[in-house]
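Data first, discussion second: the structure below is written as structure tokens.
The values are calculated or read from the model by the stated rules, or taken from the named source; none is laboratory data. Since this is a predicted model, take the numbers as computed values, not measurements. Glycine also receives a Cβ, built like all others from the backbone with ideal geometry; neighbour counts cover every protein chain displayed.
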Amino acid sequence: MVDQMFELMYEARGVGLAANQVALPYRLFVINPTGDPQEKDEEMVFLNPRISRRRGSEDGEEGCLSLPEICAPVTRATHITVDAFDLAGHQFEIELEDFAARVVQHEYDHLEGVLFPDRIAEEHTREMQPLLDDLVHQFRARQEAGEEQSDEELRAELRRLEKLRT
């Protein structure tokens, strides 16, 4: 499953992917801040992560695989400490800074049900809103064409996934 997540992430030219972005009911995300599939030593897996410390602050442009072609500046901590488990079930603590810290905070937000537009300044939200509205319009058109699940089917899938979590 983790290997497939990395494959999907690289295929989409991403640097991180949270399990809930691909309909998996786990508190898990993968990252490779280089985005280069050849740099396996940069790959990291975080199970049940918790950001225990944040320091510094910096604005940086962010996008998201869930919201293609939409970017905006987001303020994030420049240094973080993360507690998590690895795939072998061992607990670890890691300190990250700069871009790697930004990637982890972005993916951690996914696990918390937060998307990067939820963290941007109001003026950027106004600029971004037509793009978000267009994504919704495209999705609804695909639903009407039978290319996407209906809202009721999606709700049923969410209920099923929630049962797996508990």
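When ALA84, ALA121, ALA145, ALA141 are screened for being in contact with a Lys or Arg (Cβ under 8 Å, 6 or more places away or on another chain) and either in contact (Cβ under 8 Å) with a residue 40 or more places away in the chain or among the small types (Gly, Ala, Ser) (or both), only ALA84 passes. Scan the range 102-121 for residues that are farther than 15 Å from GLN21 by Cα and in contact with a Pro (Cβ under 9 Å, 6 or more places away or on another chain) and the total you get is 3.
Table: residues versus (1) modelled with pLDDT under 95; (2) surrounded by 12 or more Cβ atoms within 10 Å (Cβ to Cβ); (3) assigned to a loop (DSSP other than H, G, I, E, B).
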| site | (1), (2), (3) |
| --- | --- |
| ASN48 | no, yes, no |
| ASP83 | no, yes, no |
| GLU93 | no, no, no |
| VAL104 | no, yes, no |
| GLY113 | yes, no, yes |
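Would you be able to tell me the number of residues in the range 16-42 that are surrounded by 14 or more Cβ atoms within 10 Å (Cβ to Cβ), among the charged types (D, E, K, R) and out of contact with any strand residue (DSSP E or B) (no Cβ under 7 Å at 6 or more places or on another chain)? Total meeting the criteria: 1. Comparison of THR75, THR34 shows that the only residue that is among the hydroxyl-bearing types (Ser, Thr, Tyr), in contact with a helix residue (DSSP H, G or I) (Cβ under 9 Å, 6 or more places away or on another chain) and part of a loop (DSSP other than H, G, I, E, B) is THR34.
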